[in-house]
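Written out below as structure tokens is the structure these notes cover.
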Amino acid sequence: MARSRTLNALPHILGPSRQGDADYLEGCRQKRNTVEYDHAGGATKQDAEELIAFGHELRVEVLAWLREKHAGLAPG
């Protein structure tokens, strides 16, 4: 539940242009649930690589937003 709330908050925090990113991450979350609980093999190596690359890009953007909006909370 907390992951879902975090993903839903993304466009509210970073702006509506990030809705597509939130939708992508929600799809990944749902796929993970399916793979974990229903059947193995639902996610490919390419899926994982794409998600890792996306995560790195999103991290850079989130840290930039954090430094701009809440510098005291940003890591050193």
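When segment 1-30 is filtered for residues that are more than 20 Å from Ala48 (Cβ to Cβ) and of a type in the set (A, V, I, L, M), the ones remaining, listed by number, are Met1, Ala2, Ala9, Leu10, Ile13, Leu14.
Within this structure, Leu51 fails the test of being touching a helix residue (DSSP H, G or I) at 6+ places or on another chain (Cβ under 8 Å) and either over 21 Å from Ser4 (Cβ atoms) or charged (D, E, K, R) (or both). Scanning segment 14-52 for residues that are surrounded by 13 or more Cβ atoms within 10 Å (Cβ to Cβ) and either of a type in the set (A, V, I, L, M, F, W, C) or in contact with a Phe, Trp or Tyr (Cβ under 6 Å, 6 or more places away or on another chain) (or both) returns Leu14, Ala22, Leu25, Cys28, Val35, Ala43, Leu51. The residues on offer are Ala9, Ala53, Ala48, Ala2, and the sole one that is under 21 Å from His70 (Cα atoms) and of a type outside the set (Ser, Thr, Tyr) is Ala9. Of all residues in segment 32-64, those satisfying the criterion of being within 20 Å of Pro11 (Cβ to Cβ), in contact (Cβ under 8 Å) with a residue 12 or more places away in the chain and not acidic (Asp, Glu) are Leu51, Phe54, Leu58, Val62, Leu63.
Values in this text are rule-based calculations from the coordinates and carry no lab data. Because the structure is predicted, anything quoted here is derived from the model rather than measured. All Cβ positions, glycine included, derive from the backbone under ideal geometry; neighbour counts span all protein chains shown.
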